[in-house]
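Read through the structure below, which is laid out as structure tokens, and then see the notes.
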Amino acid sequence: MASPATTPPANRVPVGIVANIKVPATSANLGPGFDSAGIAVGLYDELQIRTTETGFSATIDGEGQNYLPTDARHLIITQIRLRLDHLGWHLPGLELHAINRIPHSRGLGSSAAAHIAAALAVKALLPQDCEIANDDLLQWASEAEGHPDNVAPAVFGGLTFSWNEPDDHGNRYRSLQLLPHPEVTPVVAIPSKPLSTAAARTLLPTSVPHGEAVANASRAALLAPAMTTNPELLLPATEDWLHQKYRQPSMPETLAHIVSMREDGHAAVVSGAGPTLCVFAKNRAEADVVADKLTQRAAKSEQHWDVRILPVATQGATMEVFRP
Ligand SMILES: Nc1ncnc2c1ncn2[C@@H]1O[C@H](COP(=O)(O)OP(=O)(O)OP(=O)(O)O)[C@@H](O)[C@H]1O
Ligand SMILES: N[C@@H](CCO)C(=O)O
């Protein structure tokens, strides 16, 4: 995004607007769909914003309550102000209350959720005739994130495949939404130790061998049918050659669990940039078996693992606005 406009914005956001926003967690990559594939799951951050005469403040319950800034430096407040400035609007003050349930730096799309919350807040603060569409939310939040794979499922819900088309103004982000097969059930194991996405991305190579790119392409092509109509293809469809093995040194335990689960026939992958692992079970019965196996493995670990069966969230982020 461009830096805030240097000339004073002409328009002032009215005081007294209240908006309630809810954004789902997401798992990106799904194995071979690096920076493209993503799925929304039933775990939500909630946010209430209220415009005020002056001052910027945040209260936080849950994840980050002990370390996130509670003033104008809060990520969501910063992003709202940047975007409004860019659009020529002045925001005199804002109170924000966040209920954070998505764990941070674990691979479940917390930063994408925060950027979408900011984009939705901007939509709430602009006049209704500005007609901000979901594609605008996708664009704004993907620009802030640098890639659209967590953003798209959090905006649209369900399973998404995203790409970008460079144009004269930069990258134009696009996404296709599909509904996963109703039986497909994600099971996640979330370790207590975080790994930032930025750190995990430094481990990626600048190029991969052509043969591995070919292998990855053939599996990525299987992802959509496996997730939507042929779940028996989930194991081959989730094999990756682009990122997981390169990130192994930063999350050896996650990769060890994944190898073991895949040897047992379960479609295990690194969720996003990790270190959470996600298994896409073909049905609820397999999900229960997987959850038991992961819980048993977790019991032998030195760190705590939170094992959860999470439903697919077929609906994306929501917002209700009350204008004075
Ligand atoms: N609700 C939030 N409010 C404010 N800041 C947040 C919020 N959620 C995430 N962040 C910021 O984003 C950081 C986490 O981003 P990061 O990209 O490392 O991980 P992630 O988005 O959880 O994982 P992944 O991108 O692999 O799914 C947090 O440490 C915090 O600084
Ligand atoms: N595709 C991203 C997802 C995490 O933001 C990555 O793996 O780095």
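Read-outs: derived from the displayed coordinates by stated rules, not from any lab. Everything quoted here is computed from the prediction, not taken from an experiment. All Cβ positions, glycine included, derive from the backbone under ideal geometry; neighbour counts span all protein chains shown.
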Helix-derived mean residue ellipticity, 222 nm - over the chain, DSSP H n ≥ 4, -39500 (n - 2.57), to 500: -10000 deg cm²/dmol
Once amide hydrogens are built 1.01 Å from N within the peptide plane, the residues lying 5 or more places from Arg172 or on another chain with amide H under 5 Å from its amide H are Glu165, Asp167
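For segment 185-309, what is the relative contact order in percent, using Cα pairs closer than 8 Å and at least 6 residues apart in sequence? Could you put the intermediate results ahead of the total?
Details: 177 pairs, mean separation 50.4, N = 125.
That works out to 40 percent.
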Can you compute the charge dipole magnitude of segment 112-250 about its Cα centre, using +1 on each Lys and Arg Cβ and -1 on each Asp and Glu Cβ, nothing else charged? Give it in debye, rounded to the nearest 20. 580
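Tally Lys/Arg at +1 and Asp/Glu at -1 over every other residue whose Cβ is under 11 Å from the Cβ of Pro191; what's the total? Could you put the intermediate results ahead of the total?
Values: positive: Arg106, Lys193; negative: Glu253, Glu302, Asp306.
Summing Lys and Arg as +1 and Asp and Glu as -1 gives -1.
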Note on segment 185-309: alpha-carbon gyration tensor, axes a ≥ b ≥ c; rule is a/c under 1.5 for rounded, else prolate if a/b larger than b/c, else oblate; result oblate
Packing-based ranking, highest mean first, of 305-314, 209-218, 34-43 given that Cβ atoms within 10 Å are counted: 34-43, 305-314, 209-218
Relative contact order of the chain, defined on C-alpha pairs under 8 angstrom at six or more residues apart (%): 25
Calculate the dipole size of the chain relative to its Cα centre from +1 charges on Lys and Arg beta carbons and -1 charges on Asp and Glu beta carbons; express the result in debye to the nearest 20. 380
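Quick check on packing: order 221-228, 269-276, 288-295 by the mean number of other C-beta atoms within 10 Å, highest mean leading.
Values: 221-228: 19.8, 269-276: 27.5, 288-295: 17.2.
Averaged packing, sorted descending, gives the order 269-276, 221-228, 288-295.
Cβ neighbours within 10 Å, averaged per peptide: list 47-54, 184-191, 63-70 in order, most packed at the top. Working shown, then result.
Details: 47-54: 17.0, 184-191: 24.0, 63-70: 13.9.
So the peptides 47-54, 184-191, 63-70, ranked by packing, come out 184-191, 47-54, 63-70.
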Could you list the residues of segment 241-268 with an amide nitrogen less than 19 Å from a label point located 7 Å from the Cα of Glu232 in the Cα-to-C-beta direction? 264-268
Quick one: what Rg and Dmax do you get for segment 1-90 from the alpha carbons, in Å? 16.4, 49
Based on the alpha-carbon gyration tensor of segment 133-261 and its eigenvalue square roots a ≥ b ≥ c, which shape applies: rounded if a/c is under 1.5, prolate if not and a/b is larger than b/c, or oblate? rounded
